[in-house]
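A short worksheet on the structure shown next.
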Amino acid sequence: MVRITEAAIRRPSLVSIPPVGPERDVFRTGDMLSGIYEIREELGSGGMGQVFEAYDHSLERRVAIKAAWPGAESQRLCREAKALAAFQHRGLTTVYSIGTHNEHDYIVMERMCGVTLADDIEYRHGSQTPYSVGDAIKVLGAIAEVLNVVHDAGLAHLDVKPGNIILASENRVVLLDFGLVLPEFDMAEQARVAGTPRYMAPEVVGEFLGPGAGRFVDIYSLGVTAYEMLCGRVPYPVRNFSQLFEVEEDQRPPLRSLRPDVPAALDRLVSEMLSLDPGLRPPSTEAVLWQLRGADLPDRQSEPAELLIVDADAGQRRLIADTAKRVMPGAVIRTAESGEAALAAIRETAPDIMLLDISLPKMSGVELCMCMLGEGLAPDCTIVSVTAAAGADDDKLLRQLGIRHFVGKSSRLDTELRCVLAQVSGRQSDSPPSPALLR
């Protein structure tokens, strides 16, 4: 809610806290905090407090000081400091210290120079120079990566919006304001009166949020941000919390009706993120990131993709097929219960993608691949190994046969398979995932 920029930003806050005028600044220019930090100027203000530039006399550097308004909930400031201190990522500000001055709590943070995404969207919309698809994807991908790091730590941000995102120097995209951050196991404690309604997921109001629900709230808010970046407006012009109860999906103008140049893959992704049903949103910000990586590829005008699922287990075939349908709507999906049946299907019609369990009875998956290679069948087919446990020798041989995509049959099967399918189906680039995802 506080925007750290070069100039002071004073916009109305939607949080139910009385506005505080300049005559009641938390700190004044020249104030010396803890005998170290000299207040230089105000950088921004919001519903919860102010941000100042200060000079750190001990280390001779500029820093940012964030302080809460008198009477504001100081716990949020402490929670934000502790949350940020747990991470070291270029998409997050570094926290140096916390302190108290004249009974006002404050955080000492890295001094960020840049503009908020909210101001940049407003400028671009006013000058009729909207974000290109490629530029929007770069920013959204950076935010998704930061959120993935936060979610992996078992936390949820709960206040993702353009006003809390800074476009800084050296192409840094920084997520700010962790004042609402909560552990996923403690979602019931969410402060539901805080935040900006038009960026909030509808389930936040009037519904118990159980453990694990926070990431879906963040995914929805990121979807609103994506829509606004591309269209210059939010999908639902909600002005207060009660209007969240009245939101219906058919009230949202289709993304491509406002931006016909948006590829179908990106349109589908944003639509999923904005689903009013949390269960229909992408399963994680990791999945969002994977799909964003290639979402600016040109739409395919060719025949629907041919997908072949080869697995001896009928239940697994159904599960994999359901996942594939979500990622590749319109694809022609065939199944085979054995290597022999798969070989016959391939001879009939070459698949574009084959999802193969190498642990097949009789003809194994490795043998099937070798037969295909020997007969010159489906040379352009992308093969994805989907198996519970592949031996080291099998894995090495599969790589020698040109297979580069591997998914394990585990509790993460749906998430991992969606990510890989998004990549290999042409809705995703072949670039490796961010180092933040490789843990």
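Residues to consider are 108, 149; find the one that is at pLDDT 90 or above and touching a Leu at 6+ places or on another chain (Cβ under 9 Å). Steps first, please.
Working: 149 fails: at pLDDT 90 or above.
Testing whether each residue is at pLDDT 90 or above and touching a Leu at 6+ places or on another chain (Cβ under 9 Å) leaves just 108.
What is the residue count in region 92-111 for residues that are hydrophobic (A, V, I, L, M, F, W, C) and farther than 10 Å from residue 65 by Cβ?
First, the residues of region 92-111 that are hydrophobic (A, V, I, L, M, F, W, C): 92, 95, 98, 107-109.
Filter once more, keeping what is farther than 10 Å from residue 65 by Cβ: 92, 95, 98.
Residues flagged as hydrophobic (A, V, I, L, M, F, W, C) and farther than 10 Å from residue 65 by Cβ within region 92-111 amount to 3.
When you go through 223, 212 one by one, which is the residue that is assigned to a loop (DSSP other than H, G, I, E, B), under 25 Å from residue 415 (Cβ atoms) and either without any contact (Cβ under 8 Å) to a residue 12 or more places away in the chain or assigned by TED's automatic domain parsing to the domain that holds residue 139 (or both)?
The conditions single out 212.
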Residues of region 229-264 satisfying the condition of being in contact with a helix residue (DSSP H, G or I) (Cβ under 6 Å, 6 or more places away or on another chain), assigned to a helix (DSSP H, G or I) and either at pLDDT 90 or above or not assigned by TED's automatic domain parsing to the domain that holds residue 135 (or both): 229, 230, 231, 255, 256, 258
Residue match in region 96-117 (condition: surrounded by fewer than 22 Cβ atoms within 10 Å (Cβ to Cβ) and in a helix (DSSP H, G or I)): no
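Here's the yes/no breakdown for (1) farther than 30 Å from residue 268 by Cβ; (2) assigned to a helix (DSSP H, G or I):
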site: 323; (1), (2): no, yes
site: 350; (1), (2): no, no
site: 355; (1), (2): no, no
site: 363; (1), (2): yes, no
site: 377; (1), (2): yes, no
site: 383; (1), (2): no, no
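The values are calculated or read from the model by the stated rules, or taken from the named source; none is laboratory data. Because the structure is predicted, anything quoted here is derived from the model rather than measured. Cβ coordinates were reconstructed from backbone atoms using ideal geometry, including for glycine residues, and neighbour counts include every protein chain displayed.
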